Amino acid sequence: MTDLRTVVVTGGSSGIGRAVAARFAADERARVFVTGRRKDRLDAVAAGSGVTGVVCDGTDPQAVARLAEQVGDRVDVLVNAAGGLAPTPEGGGLLEQWEAMYRLNVLTAVLTTDALRDRFTPGGSVISIGSIGAERRGGSYGAAKAALQAWNGFLSAELGPHGVSANVVSCGYIADTGFFQGAMTPERHASLVAETHDGRPGTPFDVAETVFFLASPGARHLTGQTIHVNGGAFTTR
């Protein structure tokens, strides 16, 4: 086929990013690149899935420039899924904690998007993975995700005249990821599920399907938006 879409998913070696990459890889009209810092994880994702793994630290401008060269001269979909709870550097304090969280959750998206910007095609999409923490109880992580949402509004205005949309998918509690780094307890799980209207946690599949829609022709007039995938956790019960 000559009309394959080129899709780039950062942080695509696990969790939500991996589910998103798998959803696009299942589409016969897409060739999918996934990025991450660990080659072994990328190799595991690429094995038998048809995706191409690229080792890339999204906080390194030189690394994202090399990524741009590897994906070629066009990008139809960019999914900024890299992020999460950044560890505080050894010996660091409050300043280092906030800086690390900002670098992982904001700069990875900003630098990757900038590196690929000249390759975006009309009708293309940039979709960034945000968090319910941007609007409540988020601490340094939530503040970083709030900054991501603010940047998305700017990005949408910049890319819109070129036919490219930019949106954020803001996730509530998503099970079956490594986000909580082993700290999830049955009590916390029950509390988070109790906040939803549908009585269940979200799944990486839920997010992947929303991302896939936002990159479809049916979503061309959706841009500059934050789409909440949280089972109704924000609204009054």
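Going by Cα centres, the stretch 1-70 and the stretch 212-227 are how many Å apart?
Their Cα centres are 21 Å away from one another.
Send over a whole-number figure in Å² for the accessible area per residue of the chain, probe 1.4 Å.
Dividing the accessible area of the chain by its residue count gives 48 Å².
Probe radius 1.4 Å, ligands and nucleic acids ignored: give me the carbon and sulfur share of the accessible area of the stretch 1-61 as a rounded percent.
48
For the stretch 131-194, with only Lys/Arg (+1) and Asp/Glu (-1) charged at the beta-carbon, what is the dipole magnitude about the Cα centre, in debye rounded to 20?
140
Carbon and sulfur together cover what percent of the accessible area of the stretch 107-177 at a 1.4 Å probe radius?
In the stretch 107-177, the share of accessible area belonging to carbon and sulfur is 52 percent.
Apply the Karplus curve 6.51 cos²θ - 1.76 cosθ + 1.60, θ = phi - 60°, to the phi angles in the stretch 43-57 and return the couplings in whole Hz, x for Gly and Pro.
Whole-Hz 3J(HN,Hα) from phi for the stretch 43-57: 4, 5, 5, 5, 4, x, 9, x, 8, 10, x, 10, 5, 7, 8.
Once you order the gyration tensor axes a ≥ b ≥ c over the Cα atoms, which shape class does the chain get: rounded for a/c under 1.5, otherwise prolate or oblate by comparing a/b with b/c?
It is rounded, given that a/c, with a ≥ b ≥ c, falls under 1.5.
Please give, to one decimal in nm, the separation of the simple spin-label points placed at R38 and E96, each 7 Å out from Cα toward the Cβ.
For R38 paired with E96, the spin-label model returns 2.2 nm.
Per residue of the chain, what 222 nm ellipticity follows from adding -39500 (n - 2.57) for every DSSP H run with n ≥ 4, rounded to the nearest 500?
Details: 8 runs with 89 residues, N = 237.
When only DSSP H runs of four or more count, the value is -11500 deg cm²/dmol.
Take every DSSP beta bridge whose two residues both sit in the chain, then give the antiparallel share in percent to the nearest 5.
If I count the DSSP bridges inside the chain, around 0 percent turn out antiparallel.
Taking 0.36 nm per residue of separation and subtracting the Cα-Cα distance, what length does fully extending A183 through F213 add?
Numbers: separation 30, 0.36 × 30 = 10.80 nm, distance 3.18 nm.
Result for the pair: 7.6 nm of gain on full extension.
The values are calculated or read from the model by the stated rules, or taken from the named source; none is laboratory data. Fair warning: this is a prediction, and the values are worked out from it, not measured in the lab. Cβ atoms come from the backbone with ideal geometry, glycine included; neighbour counts cover every protein chain shown. These area figures cover heavy atoms from the full protein model, side chains too; ligands, DNA and RNA do not enter into them. Shrake-Rupley method; radii C 1.70, N 1.55, O 1.52, S 1.80 Å.
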